[in-house]
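The values are calculated or read from the model by the stated rules, or taken from the named source; none is laboratory data. Since the structure is predicted, the reported quantities are computational estimates derived from the model, not experimental observations. Positions of Cβ are backbone-derived with ideal geometry, glycine not excepted, and every protein chain shown enters the neighbour counts. Note: areas computed on protein heavy atoms with side chains; ligands, DNA, RNA excluded. Shrake-Rupley method; radii C 1.70, N 1.55, O 1.52, S 1.80 Å.
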Amino acid sequence: MSTVNKDAIVDVVASNLVSSANLIANIEQKSEQIKNENKEYNAFITQATKEQLIAEVEALSTNKNGVLFGVPIAIKDNIAVKEMRMTCASKMLENFDHPLYDATVVKKLKAAGAIIMGKANMDEFAMGASNETSYFGPVKNAWNTDYVSGGSSGGSAVAVATGSVYMALGTDTGGSVRQPAAFNNIVGMKPTYGRVSRFGVTAFASSLDQVGICTRTVADNAKTLEVIAGFDDYDATSSHISVPKYSALLEVNLSGKKIAVFKEFLSEGVSEEVRRVVDEAIAIYIALGATVEIISMPHLKYVVPAYYIVAPSEASSNLARFDGIHYGYRSPNAKTLEEIYTMSRAEGFGTEVRKRLLMGTYFLNHSAYDAYYIQAAKLRRLIDADFQKVFESFDIILGPTTPTPAFKFGESQKNPVDAYLHDICTIPANLIGLPAISVPGGFTKKDNLPVGIQLIGKPYDEVGVYQFAYAFEQKTHYHAYAKKGGQ
C-alpha cells in the first residue's frame with residue numbers, strides 16, 4: 001500500500017490559483033490518466049473531449065473564487081451534463097449524445113469552478129450492486145481487478161479511488177454510493193432526502209433516490225456538499241432548510257456522545273472480517289469518549305422485502321417513458337405498434353432492469369397492490385418510527401456498510417437473493433430518507449480488501465454525521481492508503 005494525498009481538493013485549488021499554466025497542466029495530466037486507466041478499470045463511459053475541457057477551463061478564466069476552482073471531477077452517467085452523452089449505462093440510451101441542460105447539481109459544481117472530466121460508468125439505470133449490469137461492461141475494483149467495484153455508482157467510486165478525479169457524484173437509492181465507497185476505500189455520503197436537488201437526475205425510484213458524493217476524505221466530501229445542497233425551484237421535494245458550512249464544523253469532542261449499534265447488522269450473513277473491523281471501530285469511538293450500546297431494531301428484518309417492493313414499483317412507473325416512441329432505443333425489427341413497445345423494451349433494457357420492471361409491474365397490478373405495495377408503505381412507517389425512537393436516546397447509528405468485503409465477478413449471479421440481501425445495512429437510510437456515510441474502516445487480513453464503516457444520522461444532521469466520520473478518520477488514517485494509483 002502507498003500513502004495518498006489527504007487534502008486533495010484544498011491542494012488542487014491552491015495549485016490551480018498559482019497560474020493558468022498550472023490549471024491547464026493539471027487538467028491535461030488527469031485527462032491522460034483517465035484515458036490510460038480506463039483500459040484497466042472501465043470507470044468512465046464517456047470522457048470529456050479536448051474541446052469540452054478547453055471550454056470549461058476558459059469559462060473559469062474570469063472567476064477564480066470558486067471553492068472547487070479547477071478541481072477535476074466525474075459525474076455518474078444518469079445525471080445530465082449539457083452536451084455530454086448520457087446513457088444510464090443502457091443500450092436504451094446509447095446514442096443520447098446531446099442533453100439540453102445541466103442537472104442542478106452540475107450547474108452548481110460548474111459555478112464553483114469544478115472541471116467535469118467525464119461520465120462515470122454505473123449499473124444500468126442504477127439497478128445493481130456490483131456494476132456488472134452496465135451495457136458498457138463492468139467496472140473493476142480499484143484495489144483488486146478480480147473483484148467487483150460495487151454499485152450502482154461503481155465508476156464514480158473507482159475514479160476517485162484511483163486518483164483519476166478528486167470528487168465524483170453518484171446516486172444512492174439503496175446504498176449505491178456507500179457500498180462502492182466501502183469496496184474501494186473512499187468516503188461515500190448519502191445526504192438526507194431533499195437536501196440535494198434531483199432535477200436532471202434520471203429517476204429510478206423517486207422516493208428513494210438521492211445524489212451522493214464520493215471523495216477521498218471527509219473534509220472534501222463536506223466541502224462538496226456545501227456546494228450542491230439547498231432548495232431548488234425545479235425540485236418540489238427539495239428542502240428549504242438552510243445549508244450549514246459543513247467543512248468548518250468537522251471537529252468536535254465526542255465525550256458524552258451516544259452511539260447505537262444494531263445487533264441485526266452484526267448477525268448471520270456478516271463476515272468475521274467485517275465484524276472484526278466494526279468491533280475495532282467501536283473500541284476507537286469508546287477511546288474518543290463516546291459510549292456505545294448494542295440494541296435491537298424490531299422491524300429491521302422487513303427492510304429488504306419492503307425496499308424490493310417499493311423500488312421496483314417506482315422504477316416500473318418511471319421507466320415506462322422508454323417505450324421506443326417517446327425516448328430511447330427503437331427496435332429496427334418492429335413492424336407494428338405493439339412490436340415497437342415490446343421489442344424496443346426487450347432489446348433496449350438488460351436482464352436486471354427487465355427483471356425489476358416485471359416485479360414492479362406485478363406489485364402495482366390491481367390484484368396485488370394492496371397485498372404488496374400498500375403493506376410495504378406501512379412497513380416504511382413502522383421502520384421510520386423505530387429510528388425516531390432510537391434517535392431520542394442516541395446521536396448516531398454505527399455499523400458495517402456491507403455484510404462482506406467486495407466479491408469476485410460472477411458471484412452475485414450465482415445467488416440473486418444473497419445479492420439483494422447485501423444491501424441490508426444501507427437500505428434503511430433510503431427507505432426513510434436519513435443521511436448516512438461510509439468511511440474507510442480497515443482491511444481484511446486474508447485479501448487486504450477495504451471494509452467500510454457506516455454512520456447513520458438524524459434527518460438533516462449531516463453536520464453530526466460528518467463530525468463522527470471525521471473523528472474516526474483522523475484517528476485511523478485508513479483513508480490515506482491506496483493499493484494502486486491514487487496520486
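In whole angstrom, note down how far apart the Cα centers of region 56-97 and region 191-264 are.
The two parts, judged by their Cα centres, are 21 Å apart.
Given the rule -39500 (n - 2.57) for each run of at least 4 DSSP H residues, summed and divided by the residues of the chain, what is its mean residue ellipticity at 222 nm, to the nearest 500 deg cm²/dmol?
When only DSSP H runs of four or more count, the value is -11500 deg cm²/dmol.
Express the accessible area of the chain per residue in Å², computed with a 1.4 Å probe while the remaining protein chains stay in the model.
Here the residues of the chain average 38 Å² of exposed surface.
Sorting check: for 446-454, 312-320, which peptide has the highest mean count of neighbouring beta carbons within 10 Å, and how do the rest follow?
446-454, 312-320
Would you work out the relative contact order for the chain, in percent, from Cα pairs under 8 angstrom that are 6 or more residues apart?
Reported relative contact order: 19 percent.
Rounded to whole Å, give me the distance from the Cα center of region 103-125 to that of region 422-487.
22 Å
Rounded, prolate or oblate, given the Cα gyration tensor of region 2-82, with a/c below 1.5 counting as rounded?
Judged from the Cα gyration tensor, region 2-82 comes out oblate (a/c at least 1.5, b/c at or above a/b).
Would you work out if region 229-376 is rounded, prolate or oblate? Take a ≥ b ≥ c from the square roots of the eigenvalues of the alpha-carbon gyration tensor; rounded if a/c is under 1.5, else prolate when a/b is larger than b/c, oblate otherwise.
Cα axes put region 229-376 in the prolate bin.
Determine the gain in length on full extension of the stretch Asn95-Thr145; use 0.36 nm per residue of separation and subtract their C-alpha separation, reporting nm with one decimal.
Difference between extended and current length: 15.1 nm.
Can you give the FRET efficiency for Val252 and Ser15, using 1/(1 + (r/R0)^6), R0 = 41 Å, r = Cβ-Cβ distance, to the nearest 0.05?
Efficiency computed from Cβ-Cβ geometry: 0.85.
Using mean Cβ contacts within 10 Å as the protection proxy, how do 237-243, 8-14 order, highest first?
8-14, 237-243
When ranked by the protection proxy of mean other Cβ atoms within 10 Å per residue, highest first, what sequence do the peptides 472-479, 22-29, 290-297, 105-112 form?
Per-residue mean Cβ counts within 10 Å order the peptides as 105-112, 472-479, 22-29, 290-297.
Among Ile456, Asn253, Thr46, pick out the residue whose Cα is farthest towards the positive end of the charge dipole of the chain, where Lys and Arg carry +1 and Asp and Glu carry -1 on C-beta, about the Cα centre.
Projecting each Cα onto the dipole axis, the largest value belongs to Asn253.
Taking the alpha-carbon distance from Lys39 and a cut-off under 17 Å, which aspartates and glutamates remain once sequence neighbours fewer than 8 residues away in the same chain are dropped?
Within the straight-line cut-off, Lys39 pairs with Glu132, Asp146.
I'd like the distance between the alpha-carbon centres of region 128-164 and region 327-363, rounded to an integer number of Å.
One Cα centre to the other: 26 Å.
Counting Lys +1, Arg +1, Asp -1, Glu -1, what net charge surrounds Gly433 among other residues with beta carbon under 13 Å of its beta carbon?
Taking every other residue near Gly433 into account, the sum is +1.
What full-extension length gain, to one decimal in nm, is calculated for His240 and Lys389 as 0.36 nm per residue of separation minus the Cα-Cα distance?
Once the chain is fully extended between His240 and Lys389, it gains 51.1 nm.
Mind scanning Lys30/Lys245; Lys35/Lys107; Lys108/Lys263; Lys140/Lys445 and naming the pairs with a C-alpha gap bigger than 31 Å?
Lys108/Lys263
Nothing charged except the Cβ atoms of Lys and Arg (+1) and of Asp and Glu (-1): what's the magnitude of the dipole of the chain about its Cα centre? Round to the nearest 20 debye.
For this selection, approximately 160 debye.
Hey, what did region 91-162 get for relative contact order, percent, Cα under 8 Å, at least 6 apart?
That works out to 26 percent.
What FRET efficiency, computed as 1/(1 + (r/R0)^6) with R0 = 30 Å and r the Cβ-Cβ distance, is obtained for Lys445 and Glu40, rounded to the nearest 0.05?
Between Lys445 and Glu40 the formula returns 0.70.
Considering only DSSP beta bridges whose two residues both sit in the chain, what percent are antiparallel, to the nearest 5?
Restricted to the chain, the bridges split so that about 70 percent are antiparallel.
From the cross-link list Lys82/Lys190; Lys91/Lys335; Lys119/Lys258, which pairs have alpha carbons spaced over 28 Å apart?
Lys119/Lys258
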